[in-house]
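Novice: Below is one structure. I have some questions about it.
The values are calculated or read from the model by the stated rules, or taken from the named source; none is laboratory data. Just so it is clear, the model here is predicted, and its values are computed rather than measured. Here the Cβ positions follow ideal geometry from the backbone for every residue, glycine too, while neighbour counts run over all protein chains shown.
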């Protein structure tokens, strides 16, 4: 390889190597600015030199001088090891953070002149952010309980260890089952329960539950209903007396959010169906919001302000999540059967069955239809069918998970919304021209 490259070809990599050192050096120098003279770890100048040294090592290794690059790298590393080994003796404290940061700066400097300039700069920015968050991270760590740590470990295993290993392909009758997609349902359900647990710790029982339900409704109101209805079953002497009304309000908020999300998505993907769909499900959304206000109004004033998080030894239950995944698998098989059995003539049936578990899937399917396949007034009514079935399904999930005695209050807003959708569908059907 030609070593005599023009300066302008070498300058960008060296500049980024220097910038890497400056970024980390500024943070390290600021963190240790109050240390006594003689005990301070390397600051902005030293880190800048380490970064540019790494850049030089990368250039030597990339342009025919690997032995010289190795000697220079060994020398820099040896100096860092000797220096950081003596720091605890001088300061009386032991911390390897700055030593690791120095070695990382050297490595990123090498990467910057070895064809990985942009990744090196990104990693330097991330490392600088992590180094600057020492106090917040320590405060967060001190606030964790044993249940918090166990919850994080369980969720990481479910989401990061198992999910990527499952095959992402269809099999079974009609090719209806995809193991990775089915397990993703478990991850989503457990994820909302996990987020709700920590939201309760952060915002208190009232605000945490409501915030989680509203955000969850943007993704899957069904998953939110599964998670919150499971908590309804866990009512006991240690839980606040107002908890059933709070969880019912959370389920109603997720449902109201789903109505709004559906209208926005329809407006983007199938605008021809939006006017009639808004007339059919708009009143149901208003009903859901009305129930939210009624349920929250019944809560004690102190619970509105800030109430302690609901303590539980197991932030999420796997059994309801597995049951939810099994239900998705059954419905996926029914969808494929309906498609094979009825073809284009069963569009409404297919969308209704598909949307019972995933309303967005029905909207996307409508978007993919050829123009003129369905009249605009009928299209809005067809899209209302999966929303109706989804609302009834959530009511059934709540009653099964929480039991009839504890689940009726949470199922009431869903059933009332379903009644309004049915009434609006009947009126809309009467308005369809013969």
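Novice: Is region 125-139 home to any residue that is surrounded by 15 or more Cβ atoms within 10 Å (Cβ to Cβ), out of contact with any strand residue (DSSP E or B) (no Cβ under 8 Å at 6 or more places or on another chain) and free of Cβ contacts under 8 Å to residues at least 24 places away in the same chain?
Specialist: No, region 125-139 contains no residue that is surrounded by 15 or more Cβ atoms within 10 Å (Cβ to Cβ), out of contact with any strand residue (DSSP E or B) (no Cβ under 8 Å at 6 or more places or on another chain) and free of Cβ contacts under 8 Å to residues at least 24 places away in the same chain.
Novice: Report yes if residue 75 is surrounded by fewer than 16 Cβ atoms within 10 Å (Cβ to Cβ) and not in a helix (DSSP H, G or I), otherwise no.
Specialist: Numbers: surrounded by fewer than 16 Cβ atoms within 10 Å (Cβ to Cβ): yes; not in a helix (DSSP H, G or I): no.
Spelling it out, it is not the case that residue 75 is surrounded by fewer than 16 Cβ atoms within 10 Å (Cβ to Cβ) and not in a helix (DSSP H, G or I).
Novice: Another question about this same structure. When only residues in region 276-286 that are surrounded by fewer than 23 Cβ atoms within 10 Å (Cβ to Cβ) and either outside the structural domain of residue 425 (by TED's automatic domain parsing) or within 14 Å of residue 413 (Cβ to Cβ) (or both) count, which is nearest to the chain's Cα centre (by Cα)?
Specialist: Here the residue is 285.
Novice: Return yes or no: is residue 109 surrounded by 11 or more Cβ atoms within 10 Å (Cβ to Cβ) and assigned to a loop (DSSP other than H, G, I, E, B)?
Specialist: Working: surrounded by 11 or more Cβ atoms within 10 Å (Cβ to Cβ): yes; assigned to a loop (DSSP other than H, G, I, E, B): no.
Criteria not met by residue 109.
Novice: Which one of these is exposed (fewer than 14 other Cβ atoms within 10 Å of the Cβ) and in contact (Cβ under 8 Å) with a residue 12 or more places away in the chain: 173, 119? Reasoning before the result, please.
Specialist: Working: 119 fails: in contact (Cβ under 8 Å) with a residue 12 or more places away in the chain.
None of the other options fit; the residue is 173.
Novice: Is there a residue being touching a helix residue (DSSP H, G or I) at 6+ places or on another chain (Cβ under 7 Å), modelled with pLDDT under 75 and assigned to a helix (DSSP H, G or I) anywhere in region 2-18? Let's see the steps before the verdict.
Specialist: As a first pass, look at region 2-18 and keep what is touching a helix residue (DSSP H, G or I) at 6+ places or on another chain (Cβ under 7 Å): 10, 12-14, 16-18.
If we keep only those that are modelled with pLDDT under 75 too, we end up with 10.
Subsequent filtering for residues that are assigned to a helix (DSSP H, G or I) retains 10.
Yes: region 2-18 contains one or more residues that are touching a helix residue (DSSP H, G or I) at 6+ places or on another chain (Cβ under 7 Å), modelled with pLDDT under 75 and assigned to a helix (DSSP H, G or I).
Novice: Answer with yes or no whether residue 160 is within 16 Å of the chain's Cα centre (by Cα), closer than 13 Å to residue 187 by Cβ, assigned to a helix (DSSP H, G or I) and outside the structural domain of residue 97 (by TED's automatic domain parsing).
Specialist: Numbers: within 16 Å of the chain's Cα centre (by Cα): yes; closer than 13 Å to residue 187 by Cβ: yes; assigned to a helix (DSSP H, G or I): yes; outside the structural domain of residue 97 (by TED's automatic domain parsing): yes.
Criteria met by residue 160.
Novice: Could you grab me the full set of residues in region 396-409 that are crowded, with 24+ Cβ neighbours inside 10 Å and more than 25 Å from the chain's Cα centre (by Cα)?
Specialist: Once the filter is applied, which keeps residues that are crowded, with 24+ Cβ neighbours inside 10 Å and more than 25 Å from the chain's Cα centre (by Cα), region 396-409 yields 402, 407.
Novice: Return the residues of region 166-182 that are part of a helix (DSSP H, G or I) and touching a helix residue (DSSP H, G or I) at 6+ places or on another chain (Cβ under 9 Å); say none if nothing qualifies.
Specialist: In the first step, residues of region 166-182 are kept if they are part of a helix (DSSP H, G or I); the result is 173-175, 179-182.
Result: 173, 174, 175, 180, 181, 182.
Novice: Going by the conditions given, is residue 163 under 17 Å from residue 24 (Cβ atoms) and at pLDDT 75 or above? Quick ask: steps written out before the conclusion?
Specialist: Numbers: under 17 Å from residue 24 (Cβ atoms): no; at pLDDT 75 or above: yes.
No, not satisfied.
Novice: Look at residue 126 and say whether it is at pLDDT 90 or above and within 19 Å of residue 18 (Cα to Cα).
Specialist: Numbers: at pLDDT 90 or above: yes; within 19 Å of residue 18 (Cα to Cα): yes.
Yes; evaluated as a whole, the condition is true for this residue.
Novice: Does residue 354 fit the bill of being within 22 Å of residue 337 (Cβ to Cβ), touching a helix residue (DSSP H, G or I) at 6+ places or on another chain (Cβ under 8 Å), modelled with pLDDT under 80 and surrounded by fewer than 20 Cβ atoms within 10 Å (Cβ to Cβ)? It would help to see each step written out before you state the result.
Specialist: On the way: within 22 Å of residue 337 (Cβ to Cβ): yes; touching a helix residue (DSSP H, G or I) at 6+ places or on another chain (Cβ under 8 Å): yes; modelled with pLDDT under 80: yes; surrounded by fewer than 20 Cβ atoms within 10 Å (Cβ to Cβ): no.
For residue 354, the condition - within 22 Å of residue 337 (Cβ to Cβ), touching a helix residue (DSSP H, G or I) at 6+ places or on another chain (Cβ under 8 Å), modelled with pLDDT under 80 and surrounded by fewer than 20 Cβ atoms within 10 Å (Cβ to Cβ) - is not met.
Novice: Being at pLDDT below 75, assigned by TED's automatic domain parsing to the domain that holds residue 330, under 28 Å from residue 404 (Cα atoms) and not in a helix (DSSP H, G or I), is that true of even one residue in region 186-205?
Specialist: Scanning region 186-205 turns up at least one residue that is at pLDDT below 75, assigned by TED's automatic domain parsing to the domain that holds residue 330, under 28 Å from residue 404 (Cα atoms) and not in a helix (DSSP H, G or I).
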